[in-house]
Amino acid sequence: MNQTVLITGGTGSIGRRLTQLLQQQGYHVTLLSRSPKSIPDVRVYQWDIEKGHIDPQAIATADHIIHLAGEGIADERWTDERKDEILNSRTQSTELLAQALAKNQHAVKSFIGASAIGYYGGDTNDIPLTETSQGGSDFLAQVVRAWERAEDQIAAQGIRTVKLRTGVALTMDGGALPKLVQPIRLGAGAPIGSGQQYVSWIHLDDLCQLYIQAIKEPSWQGIYNAVAPNPVTNESLTRAIAQALHRPLLLPNIPTFAIKLLYGEMAIVVTGGNYVLNKRISEETDFLYKYADLTKALENLLTP
């Protein structure tokens, strides 16, 4: 009998691709959504995080839960209100799942929760970071720490819990890459700030396969850095995109102060950098990346 994977945040770019790949591998996929949508071959259950409601059938029918829900970090300027939305969308949704699992009869074998390399801080220079490195103290680090604490409530119920601290997920279906590609296509692309800040990236398909592997492998437990093996500088990434698009880079670097004027505190998302290593994935698992090389990843994403 096919196993059922319940996904939250399943209509986002990661959730949509993950649904496709799970179905290709014979899994039955269900979603939790605020509004019941009609999606081919997918049963959509309703939940309301603010009202603390989940359709109990969603939990009762799930063998595994993949929790992706959360407001986009770089979608809007970080007003105090927006910061609350970013934090609460992650912590409250996770706590609601923990309560539903505690209250309802279920056969959930694993909970795979999204997390982020923001745990280490928005800008950690070129210090190599692994899963055991210390957490940061800025806004993003505080959000991720609270998010992972909420996921611990599920682990405390004896459910195998995996947290994937995700880097910059490369896809043309949202996220950072389209924002980087557009000015380069128009001949107005340039590295940001010094260009030497590190980007710890991962191709969308590799990220989705990590989620699937985390379901399949009972030995996977705890925190894994979901990044490709080779972090690159912002300048290297910008040049690699230009090369893949066969476009020149003519402009000087975009000054950090200009980005800060434009985005305020949120500028750290692009002006900061992290050199994050996938230590546990490379040393403890047999996971094989399809796109370990940035050039190959960009060719796949940018070649028509």
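For segment 228-239, putting each phi into the Karplus relation 6.51 cos²θ - 1.76 cosθ + 1.60 with θ = phi - 60° gives couplings of 6, x, 10, x, 10, 6, 4, 5, 4, 5, 4, 5 Hz, in residue order, rounded to whole numbers and with x for Gly and Pro. Taking the DSSP beta bridges with both ends in the chain, the antiparallel portion is around 10 percent.
Between residue 20 and residue 230, full extension at 0.36 nm per residue minus the direct alpha carbon distance yields a gain of 72.9 nm. The relative contact order of the chain comes to 18 percent, based on Cα pairs under 8 Å that sit 6 or more residues apart. What the Cβ-Cβ distance of residue 295 and residue 219 gives, at R0 = 35 Å and to the nearest 0.05, is a FRET efficiency of 0.60. In a DSSP loop and with at most 15 other Cβ atoms within 10 Å, the trypsin sites (Lys or Arg not before Pro) in segment 256-304 are 290.
Let's test the formula: R0 of 35 Å, r as the Cβ-Cβ distance of residue 303 and residue 279. What FRET efficiency results, to the nearest 0.05? Taking R0 as 35 Å, the efficiency between residue 303 and residue 279 is 0.65.
Rounded to the nearest 0.05, the FRET efficiency derived from the C-beta distance between residue 257 and residue 51 at R0 = 45 Å is 0.55. Stretched out straight at 0.36 nm per residue, the stretch from residue 102 to residue 125 would grow longer than its current Cα-Cα span by 4.2 nm.
Residues in segment 148-164 carry Karplus couplings, in order, of 5, 4, 5, 5, 4, 5, 7, 4, 5, 8, x, 8, 4, 10, 10, 10, 9 Hz; the curve used is 6.51 cos²θ - 1.76 cosθ + 1.60 with θ = phi - 60°, and Gly or Pro positions show x. Label-to-label distance for residue 35 and residue 286 is 4.6 nm, based on points extended 7 Å past Cα in the beta-carbon direction.
Compared with the alpha-carbon gap, the fully stretched path from residue 152 to residue 3 is longer by 51.2 nm at 0.36 nm per residue. Residue pairs exceeding 18 angstrom between C-alpha atoms, taken from 163/216; 83/163; 179/290; 37/103: 83/163; 179/290; 37/103. Electrostatic bookkeeping for residue 193 treats Lys and Arg as +1 and Asp and Glu as -1; over the other residues with beta carbon under 13 Å from its beta carbon, the sum is -1. For Kirkwood radius over Cα pairs in Å, pick the label among (i) 19.9; (ii) 22.5; (iii) 19.1 that corresponds to the value derived from the coordinates. Comparing each candidate, only (i) matches the computed number.
Every number in this text was worked out from the coordinates using simple rules, so none of it is lab data. This is a predicted model, so every value here is computed, not measured. In this analysis, Cβ positions are derived from the backbone assuming ideal geometry, glycine residues included, and neighbour counts consider all displayed protein chains.
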